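The values are calculated or read from the model by the stated rules, or taken from the named source; none is laboratory data. This structure is a prediction, so every number in the text was calculated from the model and none was measured. Reconstructed Cβ throughout: ideal geometry from the backbone, glycine too, with neighbour counts over all protein chains shown. Remember, those area values only see protein heavy atoms, side chains included, never the ligands or the DNA or RNA. Shrake-Rupley method; radii C 1.70, N 1.55, O 1.52, S 1.80 Å.
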Amino acid sequence: MEIIWRNVLVFIGLHVAALYGLLLLLTAAKVATLVWAYYLFIVGGFGIAAGAHKLWSHRSFKAILPFRILIAVAQTIALQDDIYQWSRDHRVHHKFSDTDADPYNSRRGFFFSHVGWLLCKKHPEVIRRGKTVDASDLLQDPVVVYQRKYYVPLALVCFALPAIVPWYFWGESFKTAFFVASVFRYVFTLHATWLTNSAAHIWGYHPYDKQMKPSDSRLAASFSLGEWHNYHHVFPGDYRVAELGSWRMSATVVVIDLFAWMGLIYDLKTVSPKIVRSRVLRTGDGTHPYALMENCPLTYSGDIAKTNTMSMAKFLKAGLPNNN
Ligand SMILES: [Zn+2]
Ligand SMILES: [Zn+2]
């Protein structure tokens, strides 16, 4: 493994600055600045979860041009590389999950899949097999092309503006605004995203497919605005990242549904409950309510529910899918 020391130094510096930002957040920042930083975390997180991930990596829905521009701005605020690069890496991740060809291969440990993959040269298999993944469709979208072409100046603006706004509009000290809303918020968003590549490939349940490593991890889902990863790897084309309304929640899906209702998003792809149920019963680890009902409807134990954070009452209230 060849370490890229420049990246290591950059990341150490960034984390020291983020810790200073955390100190200022706890001791000096105005309430408006905290709200602003949280708002940027949500906007950037949505740009990643719904934009780079669902819209561009997986083509789970379509969006009208003005909305694609807005969501590209949101994705730039998260500062996680341009949409093309992000989506390409992600497609390679799905195609070769948890192998040497996976950029964030979780079999190399938590640290590697979380951040270590950014600190060393790519495994030769990532480069060799990555060439077999087609991402040319992304370059048909002018939004992706222009964001990639002007990514550096756009990223600089998206890093500076979060600090300028609190300083200009409500008189926050520029130092506090910069370290809290730009640096700390950025590093926090990075870790929130990275948990999906690390924690959600190491810990958690496998209600849909017990053979694969991606898991439904509450920790990762809490920070990633509702990315339930076992479901997602089994049904990557589904715009939902959970069975919303039954036993998992996803803030991203709620917002996508809202924008769809407003007519900004359309052609949302989903998987039918019948297919989900059949997959659960065929390959799941038995923790899904479908499996529990199927296997022991009368002796269903609350212990399993507690450990798996599910609510059978809620699930039943939401209604079982129509199996016809
Ligand atoms: Zn994954
Ligand atoms: Zn994905």
Qualifying residue in region 74-89 (condition: of a type outside the set (D, E, K, R), farther than 26 Å from Ala181 by Cβ and open to solvent by 10 Å² or more (accessible area, probe 1.4 Å)): yes
Residue under evaluation Phe46, criteria (1) crowded, with 20+ Cβ neighbours inside 10 Å; (2) part of a loop (DSSP other than H, G, I, E, B), criterion not met: (2)
Elements of type helices (runs of 4 or more DSSP H) contained in region 144-251, each with 2 or more residues being hydroxyl-bearing (Ser, Thr, Tyr) and either over 30 Å from Ser278 (Cβ atoms) or more than 14 Å from ligand 2 (Cβ to nearest atom) (or both): 151-170, 185-197
Test: Leu119 is in contact with a strand residue (DSSP E or B) (Cβ under 8 Å, 6 or more places away or on another chain), more than 20 Å from Arg240 (Cα to Cα) and either modelled with pLDDT of 95 or more or more than 16 Å from ligand 2 (Cβ to nearest atom) (or both): yes
Single condition Val115 does not satisfy, out of (1) more than 21 Å from the chain's Cα centre (by Cα); (2) within 16 Å of ligand 1 (Cβ to nearest atom); (3) β-branched (Val, Ile, Thr): (1)
Matching residues, region 20-37, being within 19 Å of Ala192 (Cβ to Cβ), in contact (Cβ under 8 Å) with a residue 40 or more places away in the chain and open to solvent by 30 Å² or more (accessible area, probe 1.4 Å): Leu22, Leu25, Leu34, Trp36
Residue, nearest to ligand 2 (Cβ to nearest atom), within region 57-103, restricted to residues that are in contact with a Pro (Cβ under 8 Å, 6 or more places away or on another chain) and part of a helix (DSSP H, G or I): His94
Pick from region 194-227, criterion over 14 Å from Val280 (Cα atoms) and of a type in the set (Lys, Arg), ranking: modelled with the highest pLDDT: Lys213
Lone qualifier among Lys149, Lys175 - being basic (Lys, Arg), under 30 Å from Ala29 (Cβ atoms) and open to solvent by 60 Å² or more (accessible area, probe 1.4 Å): Lys175
Test: residue in region 105-117 that is in a helix (DSSP H, G or I), basic (Lys, Arg) and within 24 Å of Ala72 (Cα to Cα): no
Positions within region 268-287 being out of contact with any strand residue (DSSP E or B) (no Cβ under 8 Å at 6 or more places or on another chain), in a loop (DSSP other than H, G, I, E, B) and open to solvent by less than 70 Å² (accessible area, probe 1.4 Å), in sequence order: Leu268, Val271, Ser272, Gly284, Gly286
Cβ-Cβ under 7 Å pairs, at least 6 apart or on other chains, region 276-292 side among the polar types (S, T, N, Q), far side at pLDDT 90 or above: Thr283/Tyr208; Thr283/Asp209; Thr283/Lys210; Thr283/Gln211; Thr287/Tyr205; Thr287/Pro207
